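Right, one structure below, let's go through it.
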Amino acid sequence: DEYAPLSFKNWQPVDGWYDHHGSLDAQGLIGDALLERVEDIDQDVCEAGDEDAFFVADLGDVYRQHVRWKLNLSRVTPHYAVKCNPDPQVLRLLAELGTGFDCASKSEIEQVLNMGVDPSRIIYAQPCKTKSYVRYAAQKGVKQMTFDNADELYKTKQLFPDAELFLRILTDDSASLCRLSLKFGASLDSTKGLLELAKKLDLNVVGVAFHVGSGASDPKAFLQAVKDARTVFDQAAEVGYDLSVLDVGGGFCSDTFEAMAAVLSSALDHHFPPHVRVIGEPGRYYVSSAFTLACHVIARRTVCNPGEEGKSYMLYLNDGVYGNFSSIMFDHQQPTPRILKAGERFLHGRRPDGAYDPLAEHGGKLTEYSIWGPTCDGIDCISARSKFAETIDVGDWLYFEDMGAYTKCSATRFNGFTDNHEVVYICSEMRARAILGL
Ligand code: PLP
């Protein structure tokens, strides 16, 4: 790695996962952190907001994802996409691990620079930039930036002629959760013209960038994108540029990572000689599984369904789609509710006092719930239909795993609720603890 080499000699692949003697029981740590935080709250006397939703973040999980990246995609230097989750501890860990950063705005650049990261480790990966932000990037020496249209080239000529430019190209992102090519990317029939214009303006084009769509599900999307990038490298050579960097963007998901990395690595090796530097802009991959969100049941409504046996309930939580569940609207997620505490009992699966089997206790009978956020809007629905063996009541707590990507960062203050929920940090990797001084 060009920034900070790490030694992975203690790490062994285990069933597609990676473990070593310095790992702790992550599930157990997360469970204990959730329960300890909740135990402290007495909702009958607490101050307003003390029972607000909160996150538990396992920085060890972020560390493991980094190791996994390096083991599978050693040729690609990750530039973490800050927009996905600008959590300061996550950024600090990644900065220490030597990743680069993909920033999309002045404040993201500022946040990363303020941690002491060298400007050369940042790419301003936004093809349509605000003029004053370009001036800021120029002032701070953040040279790497993307473009995909002629107007952006004129803007760059005026404000930052020394910028190191990446031509962002269109991809087939039809198999992704969030399609970015609807908005960004030059088609292959326009790339030659853009490169000629850049040459005429005496601008410094150094590479090609693409993004196969956030939450990409088809590893083959990378194949075509890498081939197209090769075509643009060749076009650039005809225009007089010797491009040296390829930016393969983000889109990586934890579930399919090894398959994607294999397709991408072999496409890279096939189309690009080793002297071409390759960077990526993973966001979701690094943080999704590291964050667990706990929410409090603030209200409940009983629904009697005529003609149907039994009751169902509407549960109202103190977080919703205008808050950290913004991922339901913006990121097409369907978070799964789990019970943390019902009545006086803690139910989180991995308590040291043994596994709890609610179904056995209730003879297999399930109650149906719909789960809603706290705002006045009917769109604020977290789950239309969830079933639990437990009876969930006001004051109980639910938790949701995999809440690290595109959640907190796109929360609003709609209805006056907070958009800044507490994060309780834990770290299940000894090496990451040492790096962070925990
Ligand atoms: N790079 C750019 C330019 C993006 O727009 C995004 C997401 O929107 C990312 C990287 C991160 O994508 P992901 O979280 O899918 O890895």
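The table below lists the values:
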| quantity | calculated |
| --- | --- |
| Some residue of segment 87-94 being buried (at least 21 other Cβ atoms within 10 Å of the Cβ), within 16 Å of the ligand (Cβ to nearest atom), closer than 30 Å to residue 186 by Cα and assigned by TED's automatic domain parsing to the domain that holds residue 210 | no |
| Which listed residue, of 158, 126, is out of contact with any Pro (no Cβ under 9 Å at 6 or more places or on another chain) and surrounded by 17 or more Cβ atoms within 10 Å (Cβ to Cβ) | 126 |
| So residue 181, is it closer than 22 Å to residue 266 by Cβ, hydroxyl-bearing (Ser, Thr, Tyr) and assigned by TED's automatic domain parsing to the domain that holds residue 151 | no |
| Residue count, segment 274-327 (criterion: assigned by TED's automatic domain parsing to the domain that holds residue 402, in contact (Cβ under 8 Å) with a residue 60 or more places away in the chain, surrounded by fewer than 18 Cβ atoms within 10 Å (Cβ to Cβ) and not β-branched (Val, Ile, Thr)) | 2 |
| Residue in segment 305-312 that is away from the ligand (no atom under 16 Å from the Cβ), in a loop (DSSP other than H, G, I, E, B) and at pLDDT 95 or above present | no |
| Segment 61-86, subset assigned to a helix (DSSP H, G or I) and among the aromatic types (Phe, Trp, Tyr), residue surrounded by the most Cβ atoms within 10 Å (Cβ to Cβ) | 63 |
| Condition met for residue 360 (buried (at least 18 other Cβ atoms within 10 Å of the Cβ) and at pLDDT below 85) | no |
| Of all residues making up segment 221-249, the number that are within 16 Å of the ligand (Cβ to nearest atom) and out of contact with any Leu (no Cβ under 7 Å at 6 or more places or on another chain) | 6 |
| In segment 119-142, the residues that are part of a helix (DSSP H, G or I), among the charged types (D, E, K, R) and either within 16 Å of the ligand (Cβ to nearest atom) or not assigned by TED's automatic domain parsing to the domain that holds residue 160 (or both) | 121 |
| Qualifying residue in segment 284-297 (condition: assigned to a strand (DSSP E or B), at negative phi and within 16 Å of the ligand (Cβ to nearest atom)) | yes |
| Test: residue 252 is within 16 Å of the ligand (Cβ to nearest atom), buried (at least 18 other Cβ atoms within 10 Å of the Cβ) and closer than 27 Å to residue 425 by Cα | yes |
| Extreme residue, nearest to the ligand (Cβ to nearest atom), among residues of segment 183-208 that are within 24 Å of the chain's Cα centre (by Cα) and either within 17 Å of residue 228 (Cβ to Cβ) or part of a strand (DSSP E or B) (or both) | 184 |
| Sole exception among (1) assigned to a loop (DSSP other than H, G, I, E, B); (2) on the phi > 0 side of the Ramachandran plot for residue 250, by number | (2) |
| Contacts under 7 angstrom Cβ, first residue in segment 206-221 being over 16 Å from residue 281 (Cα atoms), partner near the ligand (Cβ under 9 Å from one of its atoms), 6 or more apart | 217/176 |
| Residue satisfying all of: in segment 97-118; surrounded by fewer than 16 Cβ atoms within 10 Å (Cβ to Cβ) and part of a helix (DSSP H, G or I); farthest from the ligand (Cβ to nearest atom) among these | 110 |
| Among residues of segment 257-284, those that are of a type in the set (Phe, Trp, Tyr) and within 26 Å of residue 402 (Cβ to Cβ), counted | 1 |
| Yes/no for residue 56 being within 16 Å of the ligand (Cβ to nearest atom), surrounded by 19 or more Cβ atoms within 10 Å (Cβ to Cβ) and of a type in the set (A, V, I, L, M) | no |
| Cβ pairs under 7 Å, 6+ apart, first in segment 123-142 and touching a residue at least 24 places away in the same chain (Cβ under 8 Å), second aromatic (Phe, Trp, Tyr) and away from the ligand (no atom under 15 Å from the Cβ) | 134/160; 137/160; 138/160 |
| Matching residues in segment 104-122 - criterion: being among the hydrophobic types (A, V, I, L, M, F, W, C) and touching a Gly at 6+ places or on another chain (Cβ under 7 Å) | 122 |
| Candidates 382, 392, 371, filtered to the one that is among the β-branched types (Val, Ile, Thr) and assigned to a loop (DSSP other than H, G, I, E, B) | 392 |
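The values are calculated or read from the model by the stated rules, or taken from the named source; none is laboratory data. From a predicted model like this one, the values you see are computed outputs, not experimental measurements. With ideal geometry, Cβ positions are generated from the backbone for all residues, glycine too; neighbour counts draw on all protein chains shown.
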